[in-house]
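Before any comments, here is the structure.
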Amino acid sequence: MIGSCQKEYHRKLMNLVNDYELSDNVVFTKFFIEHNDMFKQVQKARFALLPVKLDVLPSTVLESMALELPIVTYKTSGMPHANKYGEAVLISEINDIEGLAFNMIRLLEDQDLRLTLISNAKKYMKLERNNEKNIKDLITYYRSIIDCQNDCLKIDHNLLFNTKEFPN
């Protein structure tokens, strides 16, 4: 666990770790001044547990994919999109703590699943989240908006937000 929290909450977490005899498996690390040092620390983890509830497809999930960590998370509107090219993240319904725990155990016990998730996440990042593609997409979006504004041209339907791909 990386980052700081209130002392009382930290004490509560430490009690849980000790009660369940997890002190060899859970590491608490304070804030890192250098961002790169934080990434190096994250890569030591067996997986990323990211029980986000509000973001469509959070940057923490994308960062974990880029760092080649398997991911256990909740189902937000955009999370299934991360599995577009095969299962890249293990998803549980929001507030399904048992589902999160089940997926965590699966990752600890199944090395092949771990490797599959990492491979599919790499593919997703390469095809959907690479800088070159993002720049080309932004240029296309801006040109379309300018053409719409200046010449009253209709924006191509394929450029609009797809609510079927990211439902509420």
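Coordinate-derived values only; no laboratory data. From a predicted model like this one, the values you see are computed outputs, not experimental measurements. Backbone-built Cβ (ideal geometry, glycine too); neighbour counts: all protein chains shown.
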Checklist entry - How much length, in nm to one decimal, is gained on full extension between Gln6 and Leu22, taken as 0.36 nm per residue of separation minus their Cα-Cα distance? => result 3.7 nm
Next on the checklist: Give the residue list of chymotrypsin sites (Phe, Trp or Tyr not before Pro) in the stretch 1-100 that are DSSP loop and have at most 12 other beta-carbon atoms within 10 angstrom.
Outcome noted: Tyr20, Phe31
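Using DSSP to call loops (not H, G, I, E or B), can you name the chymotrypsin sites (Phe, Trp or Tyr not before Pro) in the stretch 104-168 whose Cβ has at most 10 other Cβ atoms within 10 angstrom?
Details: sites: Tyr124, Tyr141, Tyr142, Phe161; in loops: Phe161.
Answer by residue number: Phe161.
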Item to check | For Asp96, distant residues with modelled amide H under 5 Å away | outcome: none
Checklist entry - Mind listing which GluC sites (Glu not before Pro) in the stretch 3-106 are in a DSSP loop and have 11 or fewer other Cβ atoms within 10 Å? => result Glu21, Glu34, Glu93
Checklist entry - At a Förster radius of 22 Å, what calculated FRET efficiency corresponds to the Cβ-Cβ distance of Met14 and Asn95, to the nearest 0.05? => result 0.35
Next on the checklist: So if the hydrodynamic radius of the chain is defined as the Kirkwood radius over C-alpha pairs, what does Stokes-Einstein give as its diffusion coefficient at 25 °C and 0.890 mPa s, in µm² per second?
Outcome noted: 134 µm²/s
Checklist entry - Using the C-alpha atoms of the stretch 46-129, what convex hull volume per residue, in cubic angstrom, is computed? => result 71 Å³
Checklist entry - Once the Cβ-Cβ distance between Tyr142 and Asn162 is put in as r, and R0 is 25 Å, what FRET efficiency do you end up with, to the nearest 0.05? => result 0.85
Checklist entry - Between Asp110 and Asn83, what length in nm is gained on full extension when 0.36 nm per residue of separation is reduced by their alpha carbon distance? => result 7.9 nm
Checklist outcome for this item: If one compares the long axis through the Cα atoms of helix 111-128 with the longest principal axis of the Cα atoms of the chain, the angle in degrees, nearest 10, works out at 30 degrees
Next on the checklist: Per residue of the stretch 80-85, what does 6.51 cos²θ - 1.76 cosθ + 1.60 with θ = phi - 60° give for ³J(HN,Hα)? Whole Hz please, x for Gly and Pro, Karplus curve as stated.
Outcome noted: x, 4, 5, 9, 4, 10
Checklist outcome for this item: For Lys44, the lysines lying under 22 Å Cα to Cα, once residues fewer than eight places off in the same chain are dropped, come out as Lys30, Lys122, Lys123
